[in-house]
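Beneath this line is the structure, given in structure tokens, with notes to follow.
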Amino acid sequence: MTLVQVRREDHLWWVGLDRPAKHNALDQAMVTDLDAVLAEARRSPCVLIVHSTTPGMFAAGADIAELRDRDADAALLAINAGLFERLEAHRWPTIALIDGPAFGGGCELALACDFRIASVNARFAQPELSLGIIAGAGANWRLPQLVGLATARRMLYAGARLDAHQALTAGLVDEVVDSGEELPDRGRALADTVAERSWRALELTKLALRSRRPATTTFDLAAQALLFDSDDKHARMSAFLKRRKR
């Protein structure tokens, strides 16, 4: 059973995260499904809209049960980081619709998109350091690019959570709507506006903007590999899973 539902609408691809029992936590299977969508979507001009098929939800993060058992070799595979790199590198613009928590890898997934539209239900956080790892799938550099170092430090060091309006003020999201029901219409309207431009000019502009990205990905991979083999990481993630089970 696929964990990603795709609906094509002219120049628009709706990419729906569909793992509601786990709050759309990103596991290897979902990453594989998303990679397959990205590979197909590159074939012809389209705007991708990443959303949840379940109202009140975006992505709770990486699957901690799976993440706990990954070692340094798995970290060096850059499973999530690689996916978000490929999402960011989609040839044409991408939009994330956030209706609910976007934590950890879920926040990094949204950061990898070109635009973010949130409902008032959205929440953003990077709790990785409390689990004994780093936000190694892009937040270490995408987050400060968007919100500045001060807010990035609060989110990364202290685990600060931003609600939708705080995220708008910080520059993390482009727009906030009153309810999740409004998100598809706002996403479609933005996609239609983007699609009025030259597809080739959009593609070249994305390439130009990507050339400004900092070179921190290599460090993130090495640091995460070191942390993935630590006893501290395993103990913290085990404690998290026990709390969640209770």
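Please treat every number below as a calculation from the coordinates, not as lab data. Note that this is a predicted model, so its numbers are computed, not measured. Ideal geometry is used to build each Cβ from the backbone, glycine not excepted, and the neighbour counts take in all protein chains shown.
Sticking with the crude label model, points 7 Å out along Cα→Cβ, report the distance from Val120 to Leu146 in nm, one decimal please.
A separation of 2.2 nm, rounded to one decimal place.
What 222 nm value per residue comes from the helices of the chain, counting each DSSP H run with n ≥ 4 as -39,500 (n - 2.57) and dividing by all residues, nearest 500 deg cm²/dmol? Before the final figure, lay out each step's value.
Details: 12 runs with 118 residues, N = 246.
Mean residue ellipticity, 222 nm, calculated: -14000 deg cm²/dmol.
Rg to Rh ratio, the range 49-113, alpha-carbon atoms and Kirkwood radius?
Values: Rg = 12.7 Å, Rh = 12.6 Å.
Value, to two decimals: 1.01.
If the viscosity is 1.306 mPa s and the temperature 10 °C, what Stokes-Einstein diffusion coefficient in µm²/s follows for the chain when Rh is the Kirkwood radius over Cα pairs? Write down the numbers at each step before the final one.
Working: Rh = 18.1 Å.
My calculation gives 88 µm²/s for D.
Note down the nm distance, to one decimal, between modelled labels 7 Å out along Cα→Cβ at Ala65 and at Asp174.
It is 3.6 nm.
Using a Debye calculation, one point per C-alpha and no hydration shell, please list log10 I(q)/I(0) for the range 5-123 at q = 0.11, 0.12, 0.14 Å⁻¹ in order.
Debye output, listed in q order: -0.33, -0.39, -0.54.
How much length, in nm to one decimal, is gained on full extension between Leu76 and Ala223, taken as 0.36 nm per residue of separation minus their Cα-Cα distance? Intermediate results must be reported in sequence, preceding the final value.
Numbers: separation 147, 0.36 × 147 = 52.92 nm, distance 0.96 nm.
52.0 nm is the gain from fully extending Leu76 to Ala223.
Provide Rg over Rh for the range 120-216; use the alpha carbon set for both Rg and the Kirkwood Rh (inverse mean inverse pair distance). Before the final figure, lay out the partial values.
On the way: Rg = 15.9 Å, Rh = 15.5 Å.
That ratio equals 1.03.
Out of all DSSP beta bridges in the range 4-195, what portion is antiparallel? Express it as a percent rounded to 5.
Working: 8 of 29 bridges.
If we restrict to bridges inside the range 4-195, about 30 percent are antiparallel.
Taking the alpha-carbon distance from Lys206 and a cut-off under 15 Å, which aspartates and glutamates remain once sequence neighbours fewer than 8 residues away in the same chain are dropped?
Glu85, Glu88, Asp114
Hey, which lysines would be in cross-link range of Lys22, C-alpha to C-alpha under 29 Å, not counting anything within fewer than 8 residues on its own chain?
Answer for Lys22, where 29 Å is the Cα cut-off: Lys233, Lys242, Lys245, listed by chain and number.
Considering only the other residues whose Cβ falls under 15 Å of the Cβ of Arg153, what net charge follows from Lys and Arg at +1 and Asp and Glu at -1?
Summing Lys/Arg as +1 and Asp/Glu as -1 gives +2.
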